[in-house]
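The values are calculated or read from the model by the stated rules, or taken from the named source; none is laboratory data. Predicted model, so just to flag it, every value in this text is computed and none were measured. Reconstructed Cβ throughout: ideal geometry from the backbone, glycine too, with neighbour counts over all protein chains shown.
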Amino acid sequence: MKKGLLIIYTGNGKGKTTAALGMMLRAWGRGMRVGMFQFLKSGAADYGEYRAAKKLNIEIVPLGDGCSWESKDWDASRKVNLQAWETVKEKITSGGYDVLVLDEFTFLFHFGWLDAQEAAVWLKTNKPADLRLVITGRDAPAELLEAADLVTDVLEIKHPYQQGIQAQAGIEF
Amino acid sequence: MSKKGLLIVNTGNGKGKSTAAFGTLLRAWGRGMRVCVIQFIKSETGKWGEIKAAQKLGIEWHISGDGFTWLSKDMDETTARARKGWELAQEKIASANYDLIVLDEFTYPLQFGWIDSAEAIHWLQANKPADLHLIITGRNAPTELVEYADLVSEMGEVKHPYQQGIQAQAGIEF
């Protein structure tokens, strides 16, 4: 029995987006059609994954307006991210992908921009049966966990920030 | 804030330990860093998606295992392979030719006592180049390793498709 899984990486530890990237690499290795669409992130930051995506000729597309906890204009951030959700819905139903990653998608629920029940119902109704969909972000809502096939909670056991070590290019971004 | 080569451990019973390491590998490779993977436990006969990807990308990849341990018939062979893998890892680590090295499933030889974990950590403390990032994956990371590490994430299994009778998926789980 095979099906396109709905996979969630949540929790406060490092490794949610990274695990999704690893999954994309694996699928790409098998010639599958992969794409990552990022909420919150604006693409202004110089992430190693953007460089890798260019080299691999795969889509990693930032659809946000920067980290929203620093946003001055919440209404604008809300609009940008909800517009991103509309874009992603089209990608999901397009049939053009085998693996799709919705990076940092959980924040839309966290900020109350999107109703979790509504999103879960939409996914159940519209996700193509053979599409593998990966969602990352902290505090995944219960409705989404309920809809998921595979959920990993990434716990932070130890973090270098605690020891005064800064984030490292190529490793953390 | 200072910079240093991190020792990263991805442990726990959930999915995503090796996968996150491969994501970091992709990121580092994207930046033109010199990367290498040594896999313990996993057999070279497995047709893993990550190995296909590594071949396409020209990423150096070594496999030292003979399959999953709980399927092993010859424990001496399994132990010997793990030790040989560790020797190779030591050579690569000490060479200073890499920016990132992944020791995938390395916790198992430590856990099963095929490689002494106190000795291995002592060796790393003495020989790991200061700017080398090292990622170790696998369940049940020994306490000494967690203490020595800079960044430790535990992948907790909340829900797994095996529980629902869905088989492992090519390109996703392997």
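Checked against the criteria, A:VAL80 does not count as at pLDDT 95 or above and either among the hydrophobic types (A, V, I, L, M, F, W, C) or surrounded by 20 or more Cβ atoms within 10 Å (Cβ to Cβ) (or both).
Scan the range B:76-113 for residues that are of a type in the set (Ser, Thr, Tyr) and touching a residue at least 24 places away in the same chain (Cβ under 8 Å) and jot them down. Lay out the reasoning, then the answer.
Within the range B:76-113, the subset of a type in the set (Ser, Thr, Tyr) is B:78-79, B:95, B:98, B:107-108.
Within the range B:76-113, B:THR78, B:THR79, B:TYR98, B:THR107, B:TYR108 qualify.
Among the residues making up the range A:21-37, those that are out of contact with any helix residue (DSSP H, G or I) (no Cβ under 7 Å at 6 or more places or on another chain) and not basic (Lys, Arg) are A:MET24, A:GLY31, A:MET32.
Across the range A:75-120, what is the number of residues that are under 16 Å from A:ASP65 (Cα atoms) and outside any helix (DSSP H, G or I)? Looking only at that region, the number is 7. In the range A:43-60, the residue that is nearest to B:GLY58 (Cα to Cα) out of those that are surrounded by fewer than 17 Cβ atoms within 10 Å (Cβ to Cβ) and at the interface with another protein chain (Cβ under 10 Å from one of its Cβ atoms) is A:LYS55.
Of all positions in the range A:159-169, at least one carries a residue that is out of contact with any strand residue (DSSP E or B) (no Cβ under 6 Å at 6 or more places or on another chain), assigned to a loop (DSSP other than H, G, I, E, B), more than 7 Å from chain B (Cβ to nearest Cβ) and modelled with pLDDT under 95.
Let's see how each residue does on (1) closer than 17 Å to B:ALA28 by Cα; (2) of a type in the set (Val, Ile, Thr):
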{"site": "A:ALA20", "(1), (2)": "yes, no"}
{"site": "A:VAL34", "(1), (2)": "no, yes"}
{"site": "A:ARG51", "(1), (2)": "yes, no"}
{"site": "A:LYS72", "(1), (2)": "no, no"}
{"site": "A:GLN83", "(1), (2)": "no, no"}
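Among the residues of the range A:29-40 satisfying the criterion of being hydrophobic (A, V, I, L, M, F, W, C) and assigned to a loop (DSSP other than H, G, I, E, B), which is surrounded by the fewest Cβ atoms within 10 Å (Cβ to Cβ)? Selected residue: A:MET32. One residue stands out in the range A:120-154 among those that are basic (Lys, Arg) and within 14 Å of the chain's Cα centre (by Cα): the one that is farthest from A:GLY4 (Cα to Cα), namely A:ARG138. Restricting attention to the range B:41-58 and to residues that are outside any helix (DSSP H, G or I) and crowded, with 19+ Cβ neighbours inside 10 Å, the residue that is modelled with the lowest pLDDT turns out to be B:LYS42. Any residue at all in the range A:7-28 that's assigned to a loop (DSSP other than H, G, I, E, B), more than 16 Å from the chain's Cα centre (by Cα) and farther than 17 Å from A:LEU102 by Cβ? No, the conditions are met nowhere in the range A:7-28. Of the helices (runs of 4 or more DSSP H) entirely within the range B:72-132, those holding at least 3 residues that are within 13 Å of the chain's Cα centre (by Cα) and either surrounded by 14 or more Cβ atoms within 10 Å (Cβ to Cβ) or among the acidic types (Asp, Glu) (or both) occupy B:75-95, B:107-111.
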